[in-house]
């Protein structure tokens, strides 16, 4: 089934490889005591970590606190990262998810995700600038409806959809993050999309 949210094209292969190499070099420099390298790593990945925390909490202040905890945990466990097992960003996403799980267990609260309206708007930013007011209103309403549908998904389906359709991770990367077989990853994403489509249909949303 197609994604509910349109996905932008991923970074070209050579650019992605360059990023992986740069991250690996920075990690090695950090382990050698280079403070500037650590600052650069934090700078490169702050937005990614914050966005994941924000998607799962829906609270800016809490997301900032959790992001700081993530980087503290990353700093303490940096020596366990192995570039041969995957990219640094994927490893950091795993650390972030594990911390979020720990956080949920501590607070014993079921969190909801942040609005998808911004994601939809960003994906179609060039087109949206030329939309008529009535079209903009329809897009805004769709964003609210998709958000409501996402909130109704179970946590395991919700996180799979977020990692695939919002974070644009590949199946193999999501497998590393969730620590489940790739078949399970694909199944959760597919089930999540189907369930979202069913919920949206009940809300009166029809495919265009």
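The values are calculated or read from the model by the stated rules, or taken from the named source; none is laboratory data. This one's a predicted model, so the numbers in the text were calculated from it and none came from an experiment. Cβ coordinates were reconstructed from backbone atoms using ideal geometry, including for glycine residues, and neighbour counts include every protein chain displayed.
The helices (runs of 4 or more DSSP H) falling completely within region 98-208 that include 1 or more residues that are at pLDDT 85 or above and over 28 Å from residue 66 (Cα atoms) map to 182-202. Every test in (1) under 21 Å from residue 153 (Cα atoms); (2) modelled with pLDDT of 65 or more; (3) surrounded by 15 or more Cβ atoms within 10 Å (Cβ to Cβ) is passed by residue 90 save one, and that test is (1).
Applying the set (1) closer than 19 Å to residue 91 by Cβ; (2) surrounded by 13 or more Cβ atoms within 10 Å (Cβ to Cβ) to residue 172 leaves exactly one unmet item: (2).
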